[in-house]
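Read-outs throughout are calculated quantities, based only on the coordinates presented, and are distinct from any laboratory measurement. Remember, it's a predicted structure, so these values are computed and weren't measured experimentally. Ideal geometry is used to build each Cβ from the backbone, glycine not excepted, and the neighbour counts take in all protein chains shown.
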């Protein structure tokens, strides 16, 4: 198992190659997703912006992402965030949606409901010890988390040390559910 933080990844000369490859992947499924979610091109581009960045990092550490089993922790769940009282489409599970549309078999976990999503998902509070016990052993190539451990909603509702506590509890479970050469990719501590 390797643990990699976003800040540790250096694209270097591969930057344009990776961004072009990810752009091509997203473009290959854009029409399908725009129809499925009733989005204009402009709305689609705005909504997949963060997922595009996540895919770039996944591609940087994995190479070809096709066929890779990805667990997205804190994947997002809805357009409305009661924590902030605003519409927040960036909190939707676009990484899992895109991976699924590409033919991968992602799994998303979020504290809020993911009912209606086509990909495999679980609603779970990741602060609970053994919150990943619902998942089988050695089943993921990558466990991904971005903006989870320092999420404003988490820190406001659960306190300033909740991100550290969640990271520690999840980190203890990661080796069991990753394949031996798997990667835990996150931005905690960046």
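Values computed for the structure shown
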quantity: Residues of the range 92-113 that turn out to be within 18 Å of residue 154 (Cα to Cα) and either touching a residue at least 60 places away in the same chain (Cβ under 8 Å) or assigned to a loop (DSSP other than H, G, I, E, B) (or both), as a count; calculated: 5
quantity: Residue list for the range 33-48, filter: farther than 20 Å from residue 118 by Cβ and either surrounded by 12 or more Cβ atoms within 10 Å (Cβ to Cβ) or touching a residue at least 24 places away in the same chain (Cβ under 8 Å) (or both); calculated: 45, 46
quantity: Filtered residues of the range 164-190 (kept if surrounded by fewer than 19 Cβ atoms within 10 Å (Cβ to Cβ) and in a helix (DSSP H, G or I)); calculated: 164, 165, 167, 168, 169, 171, 172, 173, 175, 176
quantity: Residue within the range 155-165 that is under 15 Å from the mean Cα position of the chain (by Cα) and farther than 17 Å from residue 67 by Cα present; calculated: no
quantity: Per-region count, the range 122-137, residues in contact with a helix residue (DSSP H, G or I) (Cβ under 9 Å, 6 or more places away or on another chain), over 19 Å from residue 154 (Cβ atoms) and either surrounded by 20 or more Cβ atoms within 10 Å (Cβ to Cβ) or free of Cβ contacts under 8 Å to residues at least 60 places away in the same chain (or both); calculated: 3
